[in-house]
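A.B. asks: Have a look at this one before I ask anything.
The values are calculated or read from the model by the stated rules, or taken from the named source; none is laboratory data. These numbers were taken from a predicted model, which means no experiment stands behind them. Heads up, the Cβs are rebuilt from the backbone with ideal geometry, glycines too, and the neighbour counts pull from every protein chain shown. The accessibility values were calculated without ligands, DNA or RNA, using every heavy atom of the protein model including side chains. Shrake-Rupley method; radii C 1.70, N 1.55, O 1.52, S 1.80 Å.
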Amino acid sequence: MAHIELDLDERRQFYALLGRKLKISEIAALMNRHKSTLYREIKRNFWHDEEVPKAAGYFPVTAQSFADERRARQRKLIRFPELLREVKKWLKTGWSPEQIAGRLKTESNAPLGISHETIYQFVYSKDGQKDELGKLLPE
């Protein structure tokens, strides 16, 4: 079974059900999620501040922000803008993601390598669609 994270709407629903003091197993059944997914959600996205401990808790928008930050840390083309500029430059000249990945592996002065699959994932992500990178892929 594939791991699918909660989206903001599900996080809001989860927050509302937590507010009703339901058990996690009951919430999981209502949301059609496994209870371990919800326990993981609380563990990873629980907000706390040592200066204001009474304000600690699970908040859906904060949880979404934490998840977005983790996702961005994992994405190489977001973390390294100079690499993204190079990839976009080569895409604009008609190179395929396979060619770009191969070139980066062979260039001795290239600071990072990247797989063609990472390039495709970025091209089809929200960021890549915003920049209309899909139109740059060779046919």
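A.B. asks: When N is the residue count of the chain, what does its C-alpha Rg come to as a fraction of 2.2 N^0.38 Å? Please list the in-between numbers first.
C.D. replies: On the way: Rg = 20.1 Å, N = 139, 2.2 N^0.38 = 14.3 Å.
Relative to the rule-of-thumb radius for its length, the chain sits at 1.40.
A.B. asks: Just read off the accessible area of residue 118 with the full protein assembly in place, 1.4 Å probe, to the nearest 10 Å².
C.D. replies: 50 Å²
A.B. asks: Solvent-accessible area of residue 117, probe 1.4 Å, all protein chains present, reported in Å² to the nearest ten, please.
C.D. replies: Surface open to solvent at residue 117 totals about 90 Å².
A.B. asks: If you place +1 on the Cβ of every Lys and Arg, -1 on the Cβ of every Asp and Glu, and leave all else neutral, what size is the dipole of segment 36-139 about its Cα centre, to the nearest 20 Debye?
C.D. replies: Working: 19 positive and 15 negative charges, 24 e Å.
Dipole about the Cα centre, nearest 20: 120 debye.
A.B. asks: Would you please give the FRET efficiency between residue 69 and residue 43, computed as 1/(1 + (r/R0)^6) with r the Cβ-Cβ distance and R0 = 22 Å, to the nearest 0.05?
C.D. replies: On the way: r = 16 Å, r/R0 = 0.72.
So the FRET efficiency works out to roughly 0.90.
A.B. asks: Another question, then. Need one value: the accessible area of residue 48 in square angstrom, 1.4 angstrom probe, rounded to the nearest 10.
C.D. replies: Taking all protein chains as shown, residue 48 has close to 120 Å².
A.B. asks: Lysine pairs in the chain 8 or more apart or on different chains: how many have alpha carbons under 21 angstrom apart?
C.D. replies: Lysine pairs, 8 or more places apart or on different chains, close enough: 26.
A.B. asks: Could you rank 96, 36 by how accessible they are, 1.4 Å probe, largest area first?
C.D. replies: Details: 96 20, 36 50 Å².
Of 96, 36, the descending order of accessible area is 36, 96.
A.B. asks: Using a 7 Å offset from the Cα along the Cα-to-Cβ direction at both residue 78 and residue 16, what is the distance between the two label points in nm, to one decimal?
C.D. replies: The answer from the label model is 2.7 nm.
A.B. asks: In Å, what Kirkwood hydrodynamic radius results for segment 1-76 from the alpha-carbon pair distances?
C.D. replies: Working: mean 1/r = 0.0759 Å⁻¹.
Computed over Cα pairs of segment 1-76, the Kirkwood hydrodynamic radius comes out at 13.2 Å.
A.B. asks: If you rank 40, 33 by how much accessible surface each has, with a 1.4 Å probe, what is the order from largest down? Show your work: numbers first, answer last.
C.D. replies: Values: 40 85, 33 50 Å².
Of 40, 33, the descending order of accessible area is 40, 33.
A.B. asks: Tell me, what is the per residue accessible area of segment 27-77 in Å², probe radius 1.4 Å?
C.D. replies: On the way: 3480 Å² over 51 residues.
That works out to 68 Å² per residue.
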